[in-house]
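**Q** The structure under discussion is supplied below as structure tokens; questions concerning it will follow.
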Amino acid sequence: MNEDQFKGKWKQVKGKFKQEYANLTDDDLQYVEGKSDELLGRLQEKTGESKEKLKEKIDKW
């Protein structure tokens, strides 16, 4: 998934992440252009999931 694909998909799924992981805040889910790896790292830290699993969830949703 390239940066543009990630950006488009992220708008659709960030609400689902908040539903599944109640400890995520709006700041945690803030996507900054060109920083998808940083966002995935933050999600990984908060959720305990691997980056690969998080990417799979984003693709699936």
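**Q** Apply the Karplus parameterisation 6.51 cos²θ - 1.76 cosθ + 1.60, with θ equal to phi minus 60°, to every residue of region 25-34 and state each ³J(HN,Hα) to the nearest whole Hz, in sequence, with x for glycine and proline.
**A** 9, 4, 5, 4, 9, 5, 8, 10, 3, x
**Q** Any idea which of 44, 15, 30 is furthest toward the positive side of the dipole for region 3-60, if Lys and Arg beta-carbons carry +1 and Asp and Glu beta-carbons -1?
**A** With unit charges placed on the Cβ atoms, the residue in question is 15.
**Q** Tell me which GluC sites (Glu not before Pro) from the chain have a DSSP coil assignment and no more than 13 other beta carbons within 10 Å of their own.
**A** Sparse-neighbourhood loop GluC sites (Glu not before Pro): 33.
**Q** Mind checking the dipole of the chain: about its Cα centre, +1 per Lys or Arg Cβ, -1 per Asp or Glu Cβ, Debye to the nearest 20?
**A** Dipole of the chain, to the nearest 20 debye: 260 debye.
**Q** Please list, in order along region 3-17, the HN-Hα scalar couplings obtained from phi with the Karplus expression 6.51 cos²θ - 1.76 cosθ + 1.60 (θ = phi - 60°), rounded to whole Hz, x for Gly and Pro.
**A** Couplings: 4, 5, 5, 4, 4, x, 5, 4, 4, 7, 10, 4, x, 5, 5 Hz.
**Q** Using Cα-Cα distances under 8 Å and only pairs 6 or more residues apart, what relative contact order does region 3-60 have, in percent?
**A** Worked out over region 3-60, it gives 34 percent.
**Q** Using θ = phi - 60° and the Karplus curve 6.51 cos²θ - 1.76 cosθ + 1.60, what whole-Hz ³J(HN,Hα) does each residue of region 46-61 get, with Gly and Pro shown as x?
**A** Those phi angles translate into 6, 9, x, 8, 6, 4, 5, 5, 5, 4, 4, 5, 4, 5, 5, 6 Hz.
**Q** Give the lysines whose C-alpha is closer than 18 Å to that of residue 46, dropping any in the same chain fewer than 8 places away, or say none.
**A** In chain and number order, the partners are 14, 16, 18, 35, 55, 57.
**Q** Ok, one more. Per the helix-only calculation at 222 nm, which mean residue ellipticity applies to the chain, given -39500 (n - 2.57) for every DSSP H run of n ≥ 4 and division by its residues, nearest 500 deg cm²/dmol?
**A** Value at 222 nm, helices only, nearest 500: -21000 deg cm²/dmol.
A short reminder: the numbers here are calculations on the coordinates, not readings from a lab. Treat the numbers as computed from the prediction; the structure is a model and nothing was measured. Positions of Cβ are generated from backbone atoms using ideal geometry, with glycine treated the same way; all protein chains shown enter the neighbour counts.
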